[in-house]
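Structure first, then comments.
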Amino acid sequence: MNIDRISYFFTEPYHLLGFLFLIVAGISMCTGKTLSRYQGLVTRAKEPKTFWLLVAVWFLAGIVFIGGFLSQK
């Protein structure tokens, strides 16, 4: 029965997208570089406001997707 619960968590798209966004935000914080839609890579040293805004968006997107997954039940 526990195997079914674990496989359910890994097959739901909202759950996977949420964890992917949280992982990207964590990696961005550690490396000091994050992805931007029009600018490519944004570094923490050159553009700190844009960098932290994008990291916050990654975190919020992850929380929203995981929240959407949890509210399905």
Degrees between helix 13-31 axis and first principal axis of the chain (Cα, 0 to 90, nearest 10): 30
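What net charge is computed for the residues neighbouring Leu53, neighbours being all others with C-beta under 13 Å from the C-beta of Leu53, Lys and Arg scored +1, Asp and Glu -1?
Details: positive: Arg37, Arg44, Lys49; negative: Glu47.
With Lys, Arg at +1 and Asp, Glu at -1, the neighbours total +2.
Using Cα pairs closer than 8 Å and at least 6 residues apart in sequence, work out the relative contact order for the chain, in percent. Don't skip to the end; give the middle numbers.
On the way: 65 pairs, mean separation 28.3, N = 73.
About 39 percent, as a whole number.
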Angle in degrees between helix 2-11 and the longest Cα principal axis of the chain, rounded to the nearest 10: 40
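For the chain, with only Lys/Arg (+1) and Asp/Glu (-1) charged at the beta-carbon, what is the dipole magnitude about the Cα centre, in debye rounded to 20? Mind showing how you got there, number by number?
On the way: 7 positive and 3 negative charges, 60 e Å.
That gives a dipole near 280 debye.
Computed from the coordinates by the stated procedures, all read-outs in this text should not be read as laboratory data. What you are looking at is a predicted structure, and each value in this text was computed from that prediction instead of being measured. All Cβ positions, even for glycine, are placed from backbone atoms using ideal geometry, and neighbour counts span all protein chains on display.
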